1. What residue, of T47, T7, is polar (S, T, N, Q) and either surrounded by fewer than 22 Cβ atoms within 10 Å (Cβ to Cβ) or at pLDDT below 95 (or both)?
2. Condition first: among the β-branched types (V, I, T) and free of Cβ contacts under 8 Å to residues at least 40 places away in the same chain. Now tell me which residues in the range 58-95 satisfy that.
3. Pick from the range 62-90 the residues that are surrounded by 13 or more Cβ atoms within 10 Å (Cβ to Cβ) and acidic (D, E): which of them is nearest to W143 (Cα to Cα)?
4. Within the range 8-20, can one find any residue that is among the hydroxyl-bearing types (S, T, Y), part of a strand (DSSP E or B) and in contact with a strand residue (DSSP E or B) (Cβ under 7 Å, 6 or more places away or on another chain)?
5. Go through (1) open to solvent by less than 50 Å² (accessible area, probe 1.4 Å); (2) under 14 Å from the mean Cα position of the chain (by Cα); (3) modelled with pLDDT under 95 one by one and return the number of the condition L116 breaks.
6. Going through L25, L93 one at a time, which residue ends up being modelled with pLDDT of 90 or more and open to solvent by less than 10 Å² (accessible area, probe 1.4 Å)?
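The values are calculated or read from the model by the stated rules, or taken from the named source; none is laboratory data. Predicted model, so just to flag it, every value in this text is computed and none were measured. As a convention, Cβ positions derive from the backbone with ideal geometry for all residues, glycine included, and neighbour counts pool all protein chains shown. The area values use the complete protein model at the heavy-atom level, side chains included, leaving out ligands, DNA and RNA. Shrake-Rupley method; radii C 1.70, N 1.55, O 1.52, S 1.80 Å.
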Amino acid sequence: MTTLIVTSSAHGSTREIAERVAEVLRTSQAVPTVVEDVEGAAAWLATADAVIVAAPVYTGSLAADARAFLDTRRAELADLPLVILASGGAPELAPPVREKLESYGPREVAYFRGALVEERLGRLEKLKLKLSRNEHYGDYRDWDAIEAWAKTLSGAGVR
């Protein structure tokens, strides 16, 4: 049984969360796990027994490539245990975003804060943050909470 973790991550923060979840699944639950960027994930779906989609939330919406994956693979994902892990800068996931994510039929939607590292951002991204007065740089990931959550995934069909 293999769990596929599909990750979208413009600057690496969400990918690092996905890698940590995979490590916990492998070491604490002996779950074979593959972490794949969203662009190459479709090739792994036929061999997956469960899917976790890990993607960031930008300006109130899940990353476009992750949404496209969920939209175009909806029929295949309907036959598998699906978990959605969103990450972002806000203290909690906005209700409209959670509602949209729940519309994909996951067994669970989880949200963890990510990291906003100034050195990883381009000039335009920095400018947008400055204009929005949302320049809250830092690493807000709670690794203990992420690892504890990963250990509960067998209840969501991740085995």
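1. The unique qualifying residue is T47.
2. Correct list: T59, T72, I84.
3. Step by step, filter the range 62-90, then rank; the result is D65.
4. Within the range 8-20, none of the residues are among the hydroxyl-bearing types (S, T, Y), part of a strand (DSSP E or B) and in contact with a strand residue (DSSP E or B) (Cβ under 7 Å, 6 or more places away or on another chain).
5. Answer for L116: the failing condition is (2).
6. The unique qualifying residue is L25.
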